[in-house]
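Heads up: the structure comes next, in structure tokens.
Each reported figure results from applying straightforward, stated rules to the coordinates on display, with no laboratory input. The structure presented is a predicted model; accordingly, all values stated were derived computationally and were not measured. Glycine also receives a Cβ, built like all others from the backbone with ideal geometry; neighbour counts cover every protein chain displayed.
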Amino acid sequence: PSGSRVHWHAGPDVDYGIVPVGADGGLPAPHDPVSGPPAAFPGLRIGVGSPVDGLAAVGDARRLADTALEICPEAGGTVRLADQLPAALVVSSPELGRALAERVLGPLLRLEPADREVLLDTLTTWLDCDGSAQRAGERLYCHRNTVLNRLRRCEQLTGRSLSRPADVVEISLSLTTRRVLRD
């Protein structure tokens, strides 16, 4: 809620703010200063954990906020954990995320860099466009048939089908792994 009191704890590398929320569990509105960095602070990274009940759970809240912060781009921004749960799964178990990405995307990752990036960008854009080849083509500045041909090639290389929900989940988590793990 607007005008929320923030209780700050300064740490050696990270400052933590605890925001009491109402009975509805609502978080501050997007325009509230605790939910997003002002434009005057480029590079500021904010991780917002999930609400917890009682002081005994403050340690859990800190861990959840740290997880959200790990997802936050190096360039800055705000990440609410509740909005990024698949990425939170990946950063919570990076070894499993890397293993999944290698198993699913391995054949794509071993292509020549230019070819690899075109196919990975196409997959990512297609997923971002809710599976619409037409919209993905508009974003990628190519014809929808080009998108469909690239997606077919991805399916052939990975052995995954973009029409099987379980395969789409694996591909999506693998792409998330590549995006959030910075090593």
message = Quick check for me: using +1 on Lys/Arg Cβ and -1 on Asp/Glu Cβ, what's the dipole size of the stretch 91-180 about its Cα centre, in debye to the nearest 20?
response = 120 debye
message = As an exercise, use a Förster radius of 25 Å and the Cβ-Cβ distance of ARG153 and ARG179 to find the FRET efficiency, rounded to the nearest 0.05.
response = 0.75
inquiry  = Explain nothing, just the number: dipole magnitude of the chain about its Cα centre with +1 on each Lys and Arg Cβ and -1 on each Asp and Glu Cβ, in debye rounded to the nearest 20.
reply    = 540 debye
request  = Tell me the label-point distance for the pair ASP60, CYS142, using the 7 Å Cα-to-Cβ offset, in nm and rounded to one decimal.
outcome  = 4.6 nm
note = So the FRET efficiency between LEU109 and HIS7, C-beta based with R0 = 45 Å and rounded to 0.05, is 0.50
key: Shape of the stretch 137-183, Cα gyration tensor, a/c cut at 1.5   = oblate
remark   = Taking a ≥ b ≥ c as the square roots of the Cα gyration tensor eigenvalues, with a/c under 1.5 meaning rounded and otherwise prolate when a/b beats b/c or oblate if not, the stretch 110-164 comes out oblate
query = Which three extents, in whole angstrom, do the alpha-carbon atoms of the chain cover along their principal axes, largest first?
reply = 54, 33, 30
task = Name the residue farthest towards the positive end of the dipole of the stretch 80-155 from the options LEU151, LEU127, SER92, assuming +1 on Cβ of Lys and Arg, -1 on Cβ of Asp and Glu, about the Cα centre.
result = LEU151
key: Gain in span if fully extended, ARG98 to ALA82, counting 0.36 nm per residue against the direct Cα distance   = 3.5 nm
ask   = With r defined as the distance between the Cβ atoms of ASP130 and ILE18 and R0 fixed at 22 Å, what FRET efficiency is calculated, to the nearest 0.05?
value = 0.05
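Counting only DSSP beta bridges with both residues in the chain, what percent are antiparallel, rounded to the nearest 5?
Here the antiparallel bridges make up roughly 50 percent for the chain.
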key: GNM result for the chain, Cα springs below 10 Å: residue of SER92, SER132, SER172 fluctuating most strongly   = SER132
query = Farthest toward the dipole's positive end in the chain, which of LEU140, GLY47, LEU69, given Cβ charges of +1 (Lys, Arg) and -1 (Asp, Glu) about the Cα centre?
reply = LEU140
